[in-house]
Amino acid sequence: MLLDKDIKEQLAQYLQMMEGDVLLKVSAGEDKVSGDMLGLIDELATMSSNIKVEHTQLKRTPSFSVNRIGEDTGITFAGIPLGHEFTSLVLALLQVSGRAPKAEQKVIDQIKNLEGEHHFETYVSLSCTKCPEVVQALNMMSVLNPHITHSMIDGAAFKEEAKDIMAVPSIFLNGKPFADGLMSVEQILSMLGSGPDASDFADKDPFDVLVVGGGPAGSSAAIYAARKGIRTGMVADRIGGQVLDTAGIENFISVKYTEGPKFAANLEEHGKVYDIDVMNLQNAKHLEKKDDGIEIELENGAVLKSKTVILSTGARWRNIGVPGEAEFKNKGVAYCPHCDGPLFEGKDVAVIGGGNSGVEAAIDLAGIVQHVTVLEFSPELKADSVLQDRLHSLPNVTVVTNAQTTEITGTNSVNGITYIDRETKSEHHIELAGVFVQIGLVPNTEWLGDAVERNKFGEIITDERGATNVPGVFAAGDCTNSPYKQIIISMGSGATASLGAFDYLVRH
Ligand code: FAD
């Protein structure tokens, strides 16, 4: 029995929402995974009379496809969609049965109008929290457009096929690499040439407040502004920001536990309650102060005008900047242990960085991989002592301090790391399959150039009202010189910047 009592109870409620019959075409062999998959399918079929089962031969074994009666939808699960993919299975069953997917009509129309054959395959790990969003987006596209198919492939069940996949989700389109990492349905559509262009923004009236960035800081700033009844816009490369890459969140006070993607979805939902003109999947590339306000130019060429601007473009993983890092990105060089750790099961890896995130990553990885080497540049680890104690208690972790990483080596993928012992000046090479870079964050502010004052780390300098040195331009969150980078702090500073901008509007 693969499903425990609680999950079965929940599942039973969901299956009652099916609107028609669904045919599962099952391709099984004699192996253990096939046996477990058949067990799952049997449980599903006994729980709902809407679920029919037919045995067949599919491209991969073990796998099963989810179809309407008499019409293949193109959705296939290769391996067993449990773990984080269980929701993807439930949604596929409901949507194929006839339940309308939860998406804006504009997005549904874009999917239906996509021309050409699109056959997607996504490699996932069942512990990856970013993967379900991609799987569910592509499954929804398959349900809505008969020329789109999608297979989710669990890398752990198809080890040989997935041996070169070192970051998940890894998406292929018509047999060729398409994208890696978290993507929303809007981003996928935009990559397929179905996104908005400059002409879609040409007629916009000037905003009172234009927020640049859609993470916790930007969302909070936009909601605070919209609640004042002023004309509010938000431009974001991806709504949610870093939270989308976060697994468990336990320190957002009043919410005991949640997960990053859920938190990000809640941010978006809360924003929808208010009149905010959200321009998702758009990158700001230039800011200019004019006599009558501020202009923000987007990468698609559109120019937006606003009386005030709140910069909340957050931060991204800092690169180590040694030879091999860029070359082997997603081919052994990784940044997200929660997502990509399982792909290194039984292998040797290194973590570069001995701060809290590096040591947490090493502890996490030690439970999956064969051996972890932590390389710290300084003479000692920087992580909290409770984390260090836990790390030192693990039998398969080695800590090397005073280690200056000089190269990540490999051929098609990573095969080792070279470092210099800063004390003895001797060079060392360790053979391993993966390198997790955990050396902090860098603010997303390069695009501002000299338009706004920044400190030597590139962080925007703000005062206690969130104001920058440019009148009418405010900033909030991880892109600023705030000493602490946390969700709750970003949200607070987003609110501060928004109230600061409102004050500015009242006075000018
Ligand atoms: P971000 O979340 O970085 O959002 C920035 C936004 O700006 C994004 O929407 C981005 O797409 C957009 N953007 C960037 N450049 C542009 C541009 N040029 N044009 C348009 N849009 C742009 N904090 C906690 O409190 N608890 C935790 O448990 C926790 N865990 C974490 C785990 C991980 C793996 C990481 C990476 C961070 C974690 N944090 C945690 C930190 C927390 O996520 C950040 O402090 C918070 O997300 C910062 O919010 P922000 O809005 O300032 O920036």
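The values are calculated or read from the model by the stated rules, or taken from the named source; none is laboratory data. Just so it is clear, the structure is predicted and the values come from calculations on it, not from any experiment. As a convention, Cβ positions derive from the backbone with ideal geometry for all residues, glycine included, and neighbour counts pool all protein chains shown. With ligands, DNA and RNA removed, areas are computed over all heavy atoms of the protein, side chains included. Shrake-Rupley method; radii C 1.70, N 1.55, O 1.52, S 1.80 Å.
Things worth noting here:
- Residues that are modelled with pLDDT under 95 and open to solvent by 80 Å² or more (accessible area, probe 1.4 Å), drawn from the stretch 115-126: E115
- Selection over the stretch 166-207 of residues that are charged (D, E, K, R) and either outside any loop (DSSP other than H, G, I, E, B) or at positive phi (or both) gives a count of 4.
- Flag if D42 is farther than 27 Å from A265 by Cα and free of Cβ contacts under 8 Å to residues at least 24 places away in the same chain: yes
- Every residue from the stretch 354-368 that is in a loop (DSSP other than H, G, I, E, B) and either within 13 Å of the ligand (Cβ to nearest atom) or open to solvent by 10 Å² or more (accessible area, probe 1.4 Å) (or both): G355, G367, I368
- When the stretch 284-322 is limited to residues that are closer than 18 Å to D478 by Cα and open to solvent by less than 50 Å² (accessible area, probe 1.4 Å), the one that is nearest to the ligand (Cβ to nearest atom) turns out to be G314.
- The one condition from (1) within 13 Å of the ligand (Cβ to nearest atom); (2) under 30 Å from D463 (Cβ atoms); (3) within 21 Å of the chain's Cα centre (by Cα) that D340 does not meet is (2).
- Some residue of the stretch 433-452 being within 16 Å of the ligand (Cβ to nearest atom), outside any strand (DSSP E or B), under 22 Å from V209 (Cβ atoms) and of a type in the set (D, E, K, R): no
- Lone unmet requirement of (1) open to solvent by less than 30 Å² (accessible area, probe 1.4 Å); (2) assigned to a loop (DSSP other than H, G, I, E, B) for G346: (1)
- Every listed requirement among (1) open to solvent by less than 70 Å² (accessible area, probe 1.4 Å); (2) within 27 Å of E161 (Cβ to Cβ) is met by D42 save one, (1).
- Selected residue (only one of M183, M191, M166 is away from the ligand (no atom under 15 Å from the Cβ) and without any contact (Cβ under 8 Å) to a residue 60 or more places away in the chain): M191
- Being under 29 Å from the mean Cα position of the chain (by Cα), under 30 Å from F344 (Cα atoms), open to solvent by 20 Å² or more (accessible area, probe 1.4 Å) and hydrophobic (A, V, I, L, M, F, W, C) is a property that I408 lacks.
- Residue check: T73 meets all listed conditions (1) at pLDDT 95 or above; (2) crowded, with 19+ Cβ neighbours inside 10 Å but one, namely (1).
- Residue within the stretch 15-31 that is hydroxyl-bearing (S, T, Y) and open to solvent by 30 Å² or more (accessible area, probe 1.4 Å) present: no
- G233 meets the conditions (1) in contact with a Lys or Arg (Cβ under 8 Å, 6 or more places away or on another chain); (2) of a type in the set (G, A, S); (3) surrounded by fewer than 22 Cβ atoms within 10 Å (Cβ to Cβ) in every case but one. The failed one is (3).
- Conditions (1) buried (at least 19 other Cβ atoms within 10 Å of the Cβ); (2) over 25 Å from the mean Cα position of the chain (by Cα); (3) farther than 19 Å from G324 by Cβ; number of the one not met by D389: (1)
- Tally of residues being free of Cβ contacts under 8 Å to residues at least 60 places away in the same chain, of a type in the set (F, W, Y) and crowded, with 17+ Cβ neighbours inside 10 Å across the stretch 455-508: 0
- Selection status of I430, open to solvent by less than 20 Å² (accessible area, probe 1.4 Å) and either at pLDDT 95 or above or in a strand (DSSP E or B) (or both): no
- Failed condition for L138, given (1) surrounded by fewer than 24 Cβ atoms within 10 Å (Cβ to Cβ); (2) in contact with a Ser or Thr (Cβ under 9 Å, 6 or more places away or on another chain): (1)
- Qualifying positions in the stretch 210-230 - within 15 Å of the ligand (Cβ to nearest atom) and either farther than 22 Å from I489 by Cβ or not small (G, A, S) (or both): L210, V211, V212, P216, I223, Y224
- Of the residues examined, G155 is not one that is small (G, A, S) and on the phi > 0 side of the Ramachandran plot.
- Unique match (being at negative phi, outside any helix (DSSP H, G or I) and open to solvent by 20 Å² or more (accessible area, probe 1.4 Å)) among K163, K112: K163
- Residue satisfying all of: in the stretch 235-278; part of a strand (DSSP E or B) and more than 9 Å from the ligand (Cβ to nearest atom); nearest to F502 (Cα to Cα) among these: I276
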